[in-house]
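Values in this text are rule-based calculations from the coordinates and carry no lab data. None of the values given here were measured: they were computed from a predicted structure. Please note: Cβ atoms are built from the backbone with ideal geometry, for glycine as well, and neighbour counts cover all protein chains shown.
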Amino acid sequence: MLSDPIMYRLHTVFEYYETEVAMSKLEGFLYEMQGFTLMVLAEQGPGAGAIVEIGSFKGKSTGWLAKGTKKASREKVFAVDAFTGSPEHQPGMGCEDHDIVRIGTTLEAFKRNIAAIGVDDYVETIVAKSEDAAATWQGPIRLLFIDADHSYEASKLDFDLWTPHVVRGGLVCLHDIGHWDGVTEFYDREVKTNPAYREVLNVMGLVVLEKLS
């Protein structure tokens, strides 16, 4: 008879593979291992409160988060995005997006994607700029994922607006650390040495912070 530790490890591998197959069909800029990390944090992460994602694009990271929290019957994911793309997604830019070029929005693709993977009932979509959504936000956040405009200024703004709502012991995740200059510089200069936060994990540039105070 196989031991519980062996079965647990095998179950984790099977769960990763099955979810990765479904999620790999969605467009987005997220490694599958990063997505699986978000899923586990959404399912088993500490604290009580909402899961908030700043920057949803076409729903790939949203889907991973929602898969996790839905499995545990925990809080919904609030996806905050104007759905008009970041600067790099605009026509003629390095990551030009065909939906942005064609219709100027990724909202319809986002809705199709989260419905296709069966998590639309666990996602609340807030179509707004980060600062506008933050102005009316109420309630605690246990998991905050920031993955919008990666410039220094925009990263700082998102962080400053939303982290006050994160509960003590809650998690803040920043994407593309070490890959995009602006958000990396912001993290190195203003977050990494901030005593209110402690880095607990770095998955290929997805940095996970624990809020200490």
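Annotations
- When the Gaussian network model of the chain links Cα atoms closer than 10 Å, the mean-square fluctuations of Val77, Val40, Val52 top out at Val40.
- Highest GNM mean-square fluctuation among Thr62, Thr193, Thr37, for the chain modelled with Cα contacts below 10 Å: Thr193.
- Structure-based [θ]222 nm, the chain - -39500 (n - 2.57) summed over DSSP H runs of at least 4, per residue, nearest 500: -12000 deg cm²/dmol
- Farthest positive-ward along the chain dipole, Cα basis, beta-carbon charges - from Ala22, Val127, Leu157: Ala22
- Largest GNM mean-square fluctuation among Met93, Met39, Met23, using the chain with Cα springs under 10 Å: Met93.
- Remark: the chain carries a charge dipole of roughly 660 debye about the Cα centre, counting +1 on each Lys and Arg Cβ and -1 on each Asp and Glu Cβ.
- Among Trp180, Trp64, the ranking by other beta carbons within 10 Å of each residue's beta carbon, starting with the fewest, stands as Trp180, Trp64.
- Ranking of Phe29, Phe78 by count of other Cβ atoms within 10 Å, fewest first: Phe29, Phe78
- Exposure proxy for Ile51, Ile117: other Cβ atoms within 10 Å of each Cβ, ordered fewest to most, give Ile117, Ile51.
- By average C-beta atoms within 10 angstrom, highest first, the peptides 69-75, 110-116: 110-116, 69-75
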